[in-house]
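Participant: Dropping a structure here in structure tokens format, bear with me for questions.
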Protein chains: 2
Amino acid sequence: MKQVIIVRSDLGMGRGKIAAQACHASIGSYKKTDPDKIREWEMEGSKKVVLSVPGLEELMEIYEAVRRTDISHYLVRDAGHTQIPAGTVTCLGIGPDTDERIDRITGELKLL
Amino acid sequence: MKQVIIVRSDLGMGRGKIAAQACHASIGSYKKTDPDKIREWEMEGSKKVVLSVPGLEELMEIYEAVRRTDISHYLVRDAGHTQIPAGTVTCLGIGPDTDERIDRITGELKLL
């Protein structure tokens with residue numbers, strides 16, 4: 001079991017900004033996950049993996065793919081207080097779910 | 001209302017590693033927070049702020065200070081799969097709680 005956070009690498013966000021956006025995605029997707037899956041994920045150590053995409057188009061392709069499944073997910077649009085314009089899609093949280101199911105969608109992506 | 005994540009800047013962690021550790025802290029502290037505070041925080045936009053400390057000593061000083069309050073918090077020890085030795089304290093999640101209560105503890109720290 002794992003949770004994956006996919007971050008756009010083209011926005012010039014600093015590492016603190018990236019971390020805050022990833023936390024939005026992580027909690028957002030966590031809250032939409034079935035409690036049985038949460039328990040299983042936590043028993044295995046709550047693994048979280050942060051991946052990157054080069055831009056919005058690639059992120060939305062992943063988003064459309066995950067929407068066609070029943071895997072929990074959460075798309076983050078930034079409130080725009082700092083660094084980037086309001087409403088910018090910054091990242092996507094997926095899961096927790098099984099490694100196999102998530103890899104089918106995100107398997108090609110690189111670590112951030 | 002806000003949640004604060006405090007990250008050690010001396011561990012040489014990459015931005016993906018930092019983001020994953022911050023997510024551990026964020027969910028860990030979130031889960032220990034009173035539901036009424038969660039609701040209030042979410043209604044205000046679930047603000048998250050990522051701060052830094054130069055090392056372990058400074059992080060543990062903040063940890064000891066927050067432990068003397070009833071503010072929710074969660075100290076992250078890394079499982080050590082990547083980049084750093086197992087058991088390394090990497091970051092601390094605090095809140096969500098009111099800005100004023102959290103600033104009393106973290107007010108001197110810089111953004112990551």
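The values are calculated or read from the model by the stated rules, or taken from the named source; none is laboratory data. Quantities reported herein were computed from a predicted structural model and do not represent experimental measurements. Using ideal geometry, Cβ is built from the backbone for each residue, glycine included, and neighbour counts are taken over all protein chains shown. SASA here: full protein model, heavy atoms, side chains in, ligands and nucleic acids out. Shrake-Rupley method; radii C 1.70, N 1.55, O 1.52, S 1.80 Å.
Participant: Let me know the mean shielding of A:22-32 by other chains, meaning the per-residue number of their Cβ atoms within 10 Å of its Cβ. Mind showing how you got there, number by number?
Facilitator: Values: counts 11, 15, 6, 2, 8, 10, 1, 0, 5, 4, 0.
Across the residues of A:22-32, the mean count of other-chain Cβ atoms within 10 Å is 6.
Participant: How high is the relative contact order of chain A, in percent, with contacts defined as C-alpha pairs under 8 Å that are six or more residues apart? List each step's numbers first, then the result.
Facilitator: Working: 201 pairs, mean separation 47.4, N = 112.
Dividing the mean separation by the residue count of chain A yields 42 percent.
Participant: Estimate the FRET efficiency between A:VAL89 and A:ARG68 by the formula 1/(1 + (r/R0)^6), using the beta-carbon distance for r and 22 Å for R0, to the nearest 0.05. Spell out each step's value before the answer.
Facilitator: Details: r = 18 Å, r/R0 = 0.84.
With R0 = 22 Å, the Cβ-Cβ based efficiency is 0.75.
Participant: Just to confirm the numbers: B:ALA79, label point 7 angstrom along the Cα-Cβ line, distances to the other copies in nm, shortest first?
Facilitator: When each copy's label point is compared with this one, the spacings are 3.1 nm.
Participant: Excluding B:ASP99 itself, calculate the net charge of residues whose Cβ lies under 14 Å from the Cβ of B:ASP99, where each Lys or Arg counts +1 and each Asp or Glu counts -1.
Facilitator: On the way: positive: B:LYS2, B:LYS37, B:LYS47, B:LYS48, B:ARG101, B:ARG104; negative: B:GLU40, B:GLU44, B:ASP97, B:GLU100, B:ASP103.
Combined, the nearby Lys, Arg, Asp and Glu give +1.
Participant: Beyond 26 Å, what percent of the Cα pairs of the protein assembly as shown remain?
Facilitator: The share of Cα pairs beyond 26 Å in the protein assembly as shown comes to 31 percent.
Participant: Taking 2.2 N^0.38 Å as the expected size of a compact globular protein, what ratio does the Cα radius of gyration of the stretch A:1-58 give against it, to two decimals?
Facilitator: Values: Rg = 12.8 Å, N = 58, 2.2 N^0.38 = 10.3 Å.
Ratio of Rg to 2.2 N^0.38 Å for the stretch A:1-58: 1.24.
Participant: How shielded is B:8-16 by partner chains, expressed as the average number of their Cβ atoms within 10 Å of its Cβ atoms? Before the final figure, lay out the partial values.
Facilitator: On the way: counts 0, 1, 0, 0, 0, 1, 4, 13, 14.
Rounded to a whole number, the mean comes out at 4.
Participant: If the cut-off is 14 Å between C-alpha atoms, which aspartates and glutamates fall inside it for B:LYS32, apart from same-chain ones fewer than 8 positions away?
Facilitator: Answer for B:LYS32, where 14 Å is the Cα cut-off: B:ASP70, B:ASP97, listed by chain and number.
Participant: For A:GLU42, place a label point 7 Å out from Cα along the Cα→Cβ vector, do the same in each other copy, and report the separations in nm, one decimal, smallest first.
Facilitator: Copy-to-copy label distances for A:GLU42: 1.7 nm.
Participant: Right, next: Roughly how many debye, to the nearest 20, is the charge dipole of the stretch A:2-111 about its Cα centre, given +1 on each Lys and Arg Cβ, -1 on each Asp and Glu Cβ, and no other charges?
Facilitator: Details: 16 positive and 17 negative charges, 77 e Å.
Result for the stretch A:2-111 is approximately 380 debye, rounded to the nearest 20.
Participant: Nearest 10 degrees, 0 to 90: what angle lies between the long axis of helix A:15-31 and the longest principal axis of chain A (Cα atoms)?
Facilitator: So the helix axis and the longest Cα principal axis differ by about 40 degrees.
Participant: Given points 7 Å out from each Cα along the Cα-Cβ axis, report the A:HIS81 to B:GLU40 separation in nanometres with one decimal.
Facilitator: 1.6
Participant: At B:ARG101, with labels set 7 Å past Cα in the Cβ direction, how many nm apart are the copies from this one, shortest first?
Facilitator: 3.6
Participant: Just to verify a number: what accessible area does B:THR82 come out at with the full protein assembly present, 1.4 Å probe, Å² rounded to tens?
Facilitator: Approximately 70 Å² of B:THR82 is accessible to the 1.4 Å probe.
Participant: Too long at a 21 Å Cα-Cα cut-off: which of B:LYS37/B:LYS110; B:LYS47/B:LYS110; A:LYS17/B:LYS37? All intermediate terms of the calculation are to be shown ahead of the outcome.
Facilitator: Numbers: B:LYS37/B:LYS110 25 Å; B:LYS47/B:LYS110 17 Å; A:LYS17/B:LYS37 23 Å.
Going by Cα-Cα distance, B:LYS37/B:LYS110; A:LYS17/B:LYS37 fall outside the 21 Å limit.
Participant: For B:ASP10, tell me the accessible area in Å² from a 1.4 Å probe, rounded to the nearest 10.
Facilitator: Ignoring ligands and nucleic acids, B:ASP10 comes out at about 80 Å².
Participant: Rounded to the nearest whole Å³, what is the per residue volume of the convex hull around the Cα atoms of the stretch A:2-111?
Facilitator: Working: hull volume 10.3 nm³, N = 110.
Given the Cα convex hull of the stretch A:2-111, per-residue volume reads 93 Å³.
Participant: If you look at just the Cα atoms of the stretch B:33-82, how large are its Rg and its Dmax in Å?
Facilitator: Answer for the stretch B:33-82, Rg first and Dmax second: 13.9, 37 Å.
Participant: As a test of the formula, what do you get for chain A when each DSSP H run with n ≥ 4 contributes -39,500 (n - 2.57) and the sum is divided by the residue count, at 222 nm and rounded to the nearest 500 deg cm²/dmol? Mind dumping the intermediate values first?
Facilitator: Values: 4 runs with 46 residues, N = 112.
My calculation for chain A gives -12500 deg cm²/dmol from helical runs alone.
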